[in-house]
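The structure appears below as structure tokens.
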Amino acid sequence: MLKLNKAEIDFERLFRRAPMVLEKRIPHIQDKSLDISVRLQATFVVASKYIELAYANYVLEEYEKVKPYLQQAAPYAFLRGFDPLLQTQKVDWTIQEEMNIVLLFGTPELLAQLRDCEWSLTDNEIINQACYLYDHLLLKIGTGVLPSASLIEAALTEAKNTKDKDVLQYILPLIEAIKALVEGDKATWQANIDKAITWHTEQCQFGDLKDMEQGFMCLNALTMAKLGQELHQWSCTTQSLYLPLFLIAKDA
């Protein structure tokens, strides 16, 4: 069993209840006869359950089961994060889980939906402007649209001028990684994936991720690794339990 942080999972309860929860909740999502609150809750629960099953199997080192659950999670993560009617995730930091799961494990059709969804947040949903600008860059490059130099520079400037330590140590390197992907700079891409993993590791040991299942994987860094592979045939050399590169292996 992997020791990734202090988060605890009741494996017996999860594996016993998950099939029943999914069987009950999945039909609710598109059932227009139900109140919208029920459909919203069903969307959130179904996405969460598939993600939790993936994380649990990763911790248990049942590696062959991880990717299938994340692939099953992807369409519901899209609904939870980006569907105008069913979305419940509306914050610049937390939306990254849904976005990365779609980018990493979604079908080409789902990626096209994400590309065309015209996603945005209102001012009161934005915690940090640099993070929000990064989200837009990630959405673009992850769905096959190379962001312009001006958009990248605007995000870099915003991130560099912030006083938020997490943005400086995590979001800024991710923006730098996107710039490196656009410019074909492998060394900078690799160095900034390393920086993102360093921040993530420290957060799992001492910070906000130490008690959270979301700490089990650094999905942002994994997406950067996948994009390097897809755009340039680069192989990420970072070695970390928080970066399960087997999930993006071409034969996986």
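For log10 I(q)/I(0) by the Debye sum over Cα atoms at q = 0.09, 0.12, 0.15 Å⁻¹, the value calculated from this model appears in (1) -0.51, -0.82, -1.10; (2) -0.38, -0.69, -1.11; (3) -0.60, -0.84, -1.07 under label (2). Shape call for segment 1-144 from the C-alpha gyration tensor, a ≥ b ≥ c root eigenvalues: rounded (a/c under 1.5), prolate (a/b greater than b/c) or oblate? In terms of gyration-tensor shape, oblate. Summing Lys and Arg as +1 and Asp and Glu as -1 over all other residues whose Cβ lies under 15 Å from the Cβ of A187 gives a net charge of -1.
Applying Stokes-Einstein at 20 °C and 1.002 mPa s to the Kirkwood radius of segment 60-162, computed over alpha-carbon pairs, gives a translational diffusion coefficient of 148 µm² s⁻¹. Taken as entire DSSP H runs, the helices of the chain that both span 24 Å or more between Cα atoms along their own long axis and average -1.0 or more on the Kyte-Doolittle scale are 11-29, 36-59, 186-206.
Please work out the C-alpha center-to-center distance from segment 202-221 to segment 77-121 and express it in whole Å. Here the two parts' Cα centres lie 21 Å apart.
The stretch between D10 and A191, if pulled fully straight at 0.36 nm per residue, gains 61.5 nm over its current Cα-Cα span. Take segment 1-105 with all the other protein chains still there, run a 1.4 Å probe, and you get 48 Å² of accessible area per residue. Report note on the peptides 215-228, 137-150, 177-190: ranked by the mean count of other C-beta atoms within 10 Å, highest first, their order is 215-228, 177-190, 137-150. Charge tally around A149: other residues with Cβ under 12 Å, Lys/Arg +1 each, Asp/Glu -1 each, net -1. The local environment of E213, defined by Cβ-Cβ distances under 13 Å, has a net charge of -3 under the rule Lys, Arg +1 and Asp, Glu -1. In terms of the Cα gyration tensor, with a ≥ b ≥ c the square roots of its eigenvalues, is segment 1-64 rounded because a/c is under 1.5, prolate because a/b exceeds b/c, or oblate? It comes out prolate by the Cα gyration axes. Note on N124/D31: beta-carbon distance plugged into 1/(1 + (r/R0)^6) with R0 of 45 Å gives a FRET efficiency of 0.90. A probe of 1.4 angstrom, applied to the heavy atoms of all protein chains, finds H136 with accessible area near 60 square angstrom.
The values are calculated or read from the model by the stated rules, or taken from the named source; none is laboratory data. All of these numbers come straight from a predicted model, not from anything done at the bench. Don't worry about glycine lacking a Cβ; one is built from the backbone with ideal geometry, like all the others, and counts go over all protein chains shown. Ligands, DNA and RNA are stripped out before the accessible areas are found, and what is left, the full protein with its side chains, is counted by its heavy atoms. Shrake-Rupley method; radii C 1.70, N 1.55, O 1.52, S 1.80 Å.
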